[in-house]
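The values are calculated or read from the model by the stated rules, or taken from the named source; none is laboratory data. Computed from a prediction, not measured in an experiment: that's the story for all the values here. Virtual Cβ from ideal backbone geometry, glycine too; neighbours counted across all protein chains shown.
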Amino acid sequence: MIPYGRQEITQADIDAVVSTLKSDFLTQGPKVPLFERMIAQHVGARHALAVNSATSALHIACLSLGLGKGDWLWTSPITFVASANCALYCGAAVDFVDIDVNTYNLCPKALETKLIAAEQQGWLPKIVVAVHLCGQPCDMQAIHALSQRFGFSIIEDASHAVGGKYQGDFIGSGQYSDITVFSFHPVKIVTTAEGGMALTNSDALASRMDLLRSHGITRDPALMTQDADGPWYYQQIELGFNYRMTELQAALGVSQVGRLDDYVAKRHQLAERYDKALESLPLVTPWQHPDSYSGRHLYVIRLKLGQINNSHREVFEALREHGIGVNLHYIPVPAQPYYEQMGFRKGDFPEAERYYSEAISLPLYPTMNPAQQDEVIDVLQKVLG
Ligand SMILES: *Cc1c(COP(=O)(O)O)cnc(C)c1O
């Protein structure tokens, strides 16, 4: 089976992890801050906080922005459930904004319409999570302008978009958002096995997230309520969590991040090769906004079902039967049983539902060779021809 995505682990990665394993620190040593500095410098962010997953990063991002009971968080229905769950962890409520027909990202027009209605009804969101689906950035300038007008904070869920750019700047540089979140899960762009990061240019948000990722404990005298009892002293001043990244994970991350730009470039080459090869088939290839340089985490095609004899499901099953490890990103979050019980119904987000009825993610990963890609293309031609 040709998988839809896979990590690359080199001998240098293995050596880096083994050397850390033999060192004094398995956690809370020098590798985590080194990894943070490397990523922060690479993307041009003031602060980078490594944590044990993007899900954890989303949680402490929401808490640091003050999300709580009685608040709303809005996001895209076409995302991984974690982009929405982070609100529920904080006791807040979730709603969704339908997607753009071309980019499949949260649509700024739909967002504006919903904000105008919400303002009249008195339930404006506190946070909007802009998910850069497949690695292609959202229309951040438009979303940012709306945040100024309606007074909400912005988290970029850039789990797919590490190494991508928006208007020429690396995603994570944060011109148009408060916090950006990266994932280092093995299927994503670079990996630390499990792992994530929260990036921000705000000293105050960084300091809050730093507390929240480690029990709410500080050793900084400036943050304490009284003078230290002695050199052993620390204080818990918040209710935090153990969301720390280990040294082993950070060592892997440090070793991987040197290949980040090459990986994204390789993904672009493969995507462009797909674009050409699939041109004449009854499907829509991923449209790219001229302002964006996508991380190209996923290559999603949409079937033109009116021109095909088989159903979406039949095409998907035929591809799997022929050894092509296709996938579907994503089932709309409001259609998940856990969300349906909150009152979401079919028809609430028609563009997202149409997307779900046509989308298939083709295999794409930086070590994919031309023969493997040709096999995917051949099978697709057979199945759709
Ligand atoms: C993978 C992913 C997450 C969660 O990442 P973890 O590191 O596995 O917690 C969140 N949002 C999106 C869009 C993702 O793809």
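Confirm whether Gly240 is small (Gly, Ala, Ser), in the same structural domain as Ser56 (by TED's automatic domain parsing) and farther than 18 Å from Pro33 by Cα. Yes; evaluated as a whole, the condition is true for this residue.
Please verify whether Val51 is more than 14 Å from the ligand (Cβ to nearest atom) and either surrounded by fewer than 23 Cβ atoms within 10 Å (Cβ to Cβ) or modelled with pLDDT of 95 or more (or both), treating the condition exactly as stated. First the steps, then the outcome.
Values: more than 14 Å from the ligand (Cβ to nearest atom): no; either surrounded by fewer than 23 Cβ atoms within 10 Å (Cβ to Cβ) or modelled with pLDDT of 95 or more (or both): yes.
No; evaluated as a whole, the condition is false for this residue.
Under the condition of being buried (at least 21 other Cβ atoms within 10 Å of the Cβ) and closer than 17 Å to Arg46 by Cα, which residue from the stretch 159-169 is farthest from the ligand (Cβ to nearest atom)? Residue satisfying both the conditions and the ranking: Gly163.
For the residues Val333, Val326, the requirement of being under 29 Å from Tyr176 (Cβ atoms) and among the hydrophobic types (A, V, I, L, M, F, W, C) singles out Val333. Only one entry of Thr180, Thr191 meets the criterion of being within 16 Å of the ligand (Cβ to nearest atom), assigned to a loop (DSSP other than H, G, I, E, B) and under 29 Å from Tyr365 (Cα atoms), and that entry is Thr191.
Remark: Ala117 falls outside the filter, which requires a residue to be surrounded by fewer than 23 Cβ atoms within 10 Å (Cβ to Cβ), within 16 Å of the ligand (Cβ to nearest atom) and of a type outside the set (Phe, Trp, Tyr).
Among the listed residues Thr20, Thr10, which satisfies the condition of being surrounded by fewer than 22 Cβ atoms within 10 Å (Cβ to Cβ), away from the ligand (no atom under 16 Å from the Cβ) and among the polar types (S, T, N, Q)? Let's see the steps before the verdict.
Values: Thr20 fails: surrounded by fewer than 22 Cβ atoms within 10 Å (Cβ to Cβ).
Sole residue among the options that is surrounded by fewer than 22 Cβ atoms within 10 Å (Cβ to Cβ), away from the ligand (no atom under 16 Å from the Cβ) and among the polar types (S, T, N, Q): Thr10.
Residues that are within 20 Å of the chain's Cα centre (by Cα), of a type outside the set (A, V, I, L, M, F, W, C) and away from the ligand (no atom under 16 Å from the Cβ) within the stretch 194-209 comprise Thr200, Asn201, listed in sequence order. Quick check: anything in the stretch 187-200 touching a strand residue (DSSP E or B) at 6+ places or on another chain (Cβ under 7 Å), buried (at least 21 other Cβ atoms within 10 Å of the Cβ) and among the basic types (Lys, Arg)? Checking the stretch 187-200: not a single residue is touching a strand residue (DSSP E or B) at 6+ places or on another chain (Cβ under 7 Å), buried (at least 21 other Cβ atoms within 10 Å of the Cβ) and among the basic types (Lys, Arg).
Taking every residue in the stretch 153-170 that is among the basic types (Lys, Arg) and pairing it with any residue that is assigned to a loop (DSSP other than H, G, I, E, B), at least 6 positions away or on another chain, the pairs with Cβ-Cβ distances below 7 Å are Lys165/Ile171. Restricting Tyr89, Tyr104 to residues that are more than 26 Å from Ser294 (Cβ to Cβ), within 13 Å of the ligand (Cβ to nearest atom) and assigned by TED's automatic domain parsing to the domain that holds Ser53 narrows the list to Tyr89.
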